[in-house]
Amino acid sequence: MSKKLVNISPSYHSFVEDQLLTHLHLNSVIDYFEDQGRLSRSCLTGVGIVCGFELRWIAGELSITPGNGVTTDGDLLHFFEQREDGTIGLKTDPLTLTHYREFDDSNAKYAPQFWNIPPDPDIQKFTLTELLPADSQIVANGNALQINGNADAADDLDLKNKVLFLYLDCYSKEPGACTALSCDNQGAEQVRNLRVLALTKAQALGIAAIDAIYNEHNWFQLYGSLQQIEAKRVILTAANSASQNTLKQAYYQAIHADNITEDLKNGYDAIFGKFNQPLISPDIDSILGFGNNAIPNDVQYRYDLQKDLIETYGEIRELLLHINVHCCPDIGAFPKHVMLGGIDSSLAIEPMHDTLRHRFYKSPVIGHEDANYKKVLSLVNRASLMVSSYLKAGKGTEIKITPSVSKAELGEKAIPFYYDVTGSFLDSWDYSKTANLRQRFNLSYNSANLAPDPSIQSPLGYNTDEKDFYRIEGQVGNNATDALENILQLKRDYGLDFDCIAYDLNEGDRILSGLVARYPALTHLAGVPVGGTFVLVTVENTVICDLALNCKIILNTTQIECCPLTECTYPWISSLHYINNLSRSLDGQQSQTKINPTEYLLQVSEYAINGVKLIDGTTLIRIPLSEVLLRRVHAITDALNTRFPQGVVFDFNENQKRFTITRAKGDKYVIKLRDLTLGNANPVYTYSTTGMYRSGKVFRPDAMICRDLREYVPAFYENLHLQIAPVNKDDDYGTYKDKWAAFNLLKENLIVHPFFANRKRMITADIELPWDVQILLADIIAALNAVPATSDEPRVPIYKLDGDWVNGLWVDNAMLGYYEQNGSSNDDDIIRFINLKEFLHED
């Protein structure tokens, strides 16, 4: 047997009139077109098992379903059957195998590296077993024995731990002697028999070891070795948000929880090893491998980096099963066979995804596997660059807000502040953009290497309809007052929908632990969702980190006062009939003499509350008539409320068909309005606490109808709790402040402190006590046992462990010795625990 594509026919001869043809001329044509067909299949379609050829046990018999396959030599593999009319067609039902025989490959003589694995000079010939169906001619001649899979009988075949192959036994059968008349029909017969062979697991592994394509695409094995990894949430509480140290501890514990970092390193080692890339474990260690006593100030950003790496790892892992693409397959990989899979020691068919079985390795022109493969390469490169490009403890020179998205793959989001955005980093951030030559059109705080287009350098000034998140970066480490003002100024300049507030860890009216107690969903996002609240966390007027909430927070009692309200109703300056006709004109026939309006124009010439002007000069409010058509006067009141969020509240009472203004009972206001929709001839109307006026004259004596409001406002009381409800308050005039909470947290931290690696912190038995305490306790017990028992005082159990030993509040001589050696360390939990215990318990 020779591989057809080893010696490819690159050309052929055409024939001319009266030419003397030889077998070389004719065979060259056949060889050329056969080679082109084989190359088309293997290079333009793919190689391997296309579909079917699945192993099954049916009624205790082994069968193989019909299927299609392509060898690396371009052979098409099918099961054929002879019909009753003598024709031959494709088999449509499973091939049931009931017999076997020893197979002799003396005709085709498949390459010895396939049938003699591993090579052994002492073995001249490898024993091969062919499995046969009951209707095989060989079985009819009595050359095979029945298979039952149990190997109970001496002649039965044991199929345990066997791997099945399809082997195309093809060779040239020389013609017989010529007849007396001629030799015209005696060309060599090209025999092609598709055989089912059973090999031992050792043989199959040996054959797989030299199969370059199978080994390159062992994605199932790699996928199975990679653990599912998810980032641990940082859930804030009043206790762990009480100080900068406890807050850092919360992020440290999330980074190192459940061996996440170790699993991440191991996973990337396996991935990078498969793609022949330098390992990044040491670099990950340099960023995430910090200890409990040396937590860096940028721990929030390192936690973000870990989440980015986990997300990228998940994207790679998900694509591994969808990258079976191969350009220019090696002809020698499996030129005349395909592996179908194995049977385990219990005679069960091994899963197709976890066995010695060829998959279909597509040409890059087929499907999406090639794009998936290129994306995986991009993601692998991105992971490496994220680690090497991390800017440790970086401090922004200015504060920037970058629009982004919250629910998308990492590459579709804005590039975070903590990465050095080089050209190579941009090439790997978003595969889709890079594939379309738009890698410089990503968004990022670090925009020096981005496209110079204004929409990229200043994205807030352009369409952000598809963005639902704002990255807010550059404030950490800077003055908190300036940072808050800069963020609020950007919010005003670009009309952004979020609130921003600052809370301190230690002092002032706004203490972070109180806010966390009220809003436990606070979390770090390196920005804020649209419509949410961004919280600057400060210490001594310096921003140390940030948090976010997906809703607005009522900041202080001035926003909703618990005071009497007055609601007054008036006629609106334009009749409802006029407004209806005006808005309906959009759907009617347009005038041929003048242009119909598309907006309701409302001029505000004066607006003041208690003498304080809310506008200088004149303001024009434009309300689309399309909105008025849908919502009538409510569209107008919404526009007024939106334009004047710090003024009175405008509304429309649908039952009374009247315009309403709600204000604090003791306040005075003046508002002058005019309808300019159809021109400047309309009068100016004045709404005030004394009545309604038209062109300076009383409109109607009964135009204004007022009533006092005194309602329960839940938001006011929520805000009241937020502002003045005690948090961590004690009975000692604030002397201990949050120290009890910190002390209890330290008590839990000591359980995992390295000092107690070989000892228990929470004692449950006397043998777990420190050795010096055990000696002392033994002396006490001995002394008590020396006292004789009496009838009045019978013997009872001498002691039961309780108190500080059980609660973990104890300090022994070993801890005191550690304290003397390391007493200057303010970050060590043992030192802080002993100091707080002495302070709180005065001992």
> With each label point set 7 Å from Cα along the Cα-Cβ vector, what nm distance links K665 and K552?
Replying inline: 2.6
> Long-range amide H contacts for L62: which residues qualify at under 5 Å (H placed 1.01 Å from N, peptide plane, sequence gap of 5 or more or a different chain)?
Replying inline: L97
> Once the piece of chain linking F275 and L321 is laid out straight, how much longer is it, given 0.36 nm per residue of separation minus the C-alpha distance between them?
Replying inline: 15.1 nm
> Which whole-Hz couplings ³J(HN,Hα) result when phi for each residue of the range 89-106 is put into the Karplus expression 6.51 cos²θ - 1.76 cosθ + 1.60, θ = phi - 60°, listed in order with x for Gly and Pro?
Replying inline: x, 6, 6, 10, 10, x, 8, 8, 9, 10, 9, 8, 7, 6, 9, 10, 8, 6
> Say R0 is 56 Å: what FRET efficiency, to the nearest 0.05, do E350 and S585 get from their beta-carbon distance?
Replying inline: 0.15
>> If I model a spin label at L90 and K697 as a point 7 Å from the Cα along the Cα→Cβ vector, what separation in nanometres do I get?
In response: 9.5
> Using the beta-carbon distance between L784 and E230 and R0 = 56 Å, what value does 1/(1 + (r/R0)^6) give for FRET efficiency, to the nearest 0.05?
Replying inline: 0.55
> Carbon-plus-sulfur fraction of the accessible area of the range 228-282, 1.4 Å probe, in percent?
Replying inline: 47
> From the phi of every residue in the range 157-172, what ³J(HN,Hα) in whole Hz does the Karplus formula 6.51 cos²θ - 1.76 cosθ + 1.60 yield, where θ is phi - 60° and glycine or proline is x?
Replying inline: 8, 8, 8, 5, 6, 9, 10, 9, 10, 9, 10, 8, 7, 10, 6, 9
>> So for the range 255-380, averaging the separation of alpha carbon pairs under 8 Å that are six or more residues apart and normalising by length, what relative contact order in percent results?
In response: 24
> Which length gain, in nm to one decimal place, applies between I58 and D708 when the Cα-Cα distance is subtracted from 0.36 nm times their residue separation?
Replying inline: 225.5 nm
> How much accessible surface area, in Å² rounded to 10, belongs to the heavy atoms of K162 with a 1.4 Å probe?
Replying inline: 40
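Multiply the residue gap between T690 and D497 by 0.36 nm, knock off their C-alpha separation, and tell me the result in nm, one decimal place.
Result: 65.9 nm gained on full extension.
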> In the range 813-843, which residues have a backbone nitrogen under 18 Å from the label point lying 7 Å from N807's Cα in the Cα-to-Cβ direction?
Replying inline: 833-843
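Give me the percent of accessible area attributable to carbon and sulfur for the range 453-524, probe 1.4 angstrom.
Result for the range 453-524: 44 percent of the exposed heavy-atom area is carbon or sulfur.
Quick one: which of 348-357, 245-254 comes out on top by average Cβ neighbours within 10 Å, and what's the full order, highest first?
The packing order, highest mean first, is 245-254, 348-357.
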>> I'd like to compare 815-824, 308-317, 742-751, 54-63: which one has the highest average count of other Cβ atoms within 10 Å, and what's the full order after that?
In response: 308-317, 742-751, 54-63, 815-824
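Residues of the range 419-464: accessible area per residue at 1.4 Å, in Å²?
49
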>> List the residues, sorted by chain then number, that are 5 or more residues from C500 or on another chain and whose placed amide H is less than 5 Å from its amide H.
In response: F534
>> Would any residue of the range 64-87 have its amide N under 20 Å from a label point 7 Å out along Cα→Cβ of A134? List them or say none.
In response: 64-66, 80-84
> In whole Hz, what ³J(HN,Hα) sequence does the range 58-65 give by Karplus (6.51, -1.76, 1.60; θ = phi - 60°), x for Gly and Pro?
Replying inline: 10, 6, x, 10, 7, 9, 10, 6
> Given a Förster radius of 35 Å and the C-beta distance between N449 and N479 as r, what FRET efficiency does 1/(1 + (r/R0)^6) yield to the nearest 0.05?
Replying inline: 0.75
>> Between K374 and Q253, what is the label-point separation in nm under the 7 Å Cα-to-beta-carbon projection?
In response: 4.7
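So how do 758-764, 547-553 stack up, highest first, on mean other-Cβ count within 10 Å?
Sorting 758-764, 547-553 by mean packing, highest first, produces 547-553, 758-764.
Roll a 1.4 Å probe over the protein chains and send me the accessible area per residue for the range 325-373 in Å². Show your work: numbers first, answer last.
Values: 1960 Å² over 49 residues.
On a per-residue basis, the range 325-373 sits at 40 Å².
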> What is the set of long-range amide H partners of V325 at a cut-off below 5 Å, with H atoms built 1.01 Å from backbone N?
Replying inline: K362
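Using DSSP to call loops (not H, G, I, E or B), can you name the chymotrypsin sites (Phe, Trp or Tyr not before Pro) in the range 613-716 whose Cβ has at most 15 other Cβ atoms within 10 angstrom?
Details: sites: F650, F652, F659, Y669, Y685, Y687, Y693, F699, Y712, F716; in loops: F699, Y712.
Loop-located and lightly packed - Y712.
The values are calculated or read from the model by the stated rules, or taken from the named source; none is laboratory data. Remember, predicted model here, so these are calculated numbers, not experimental data. FYI the Cβ positions are ideal-geometry reconstructions off the backbone, even for glycines, and counts take in every protein chain you see. When the accessible area is computed, the model is the full protein with side chains, heavy atoms only, and any ligands, DNA or RNA have been set aside. Shrake-Rupley method; radii C 1.70, N 1.55, O 1.52, S 1.80 Å.
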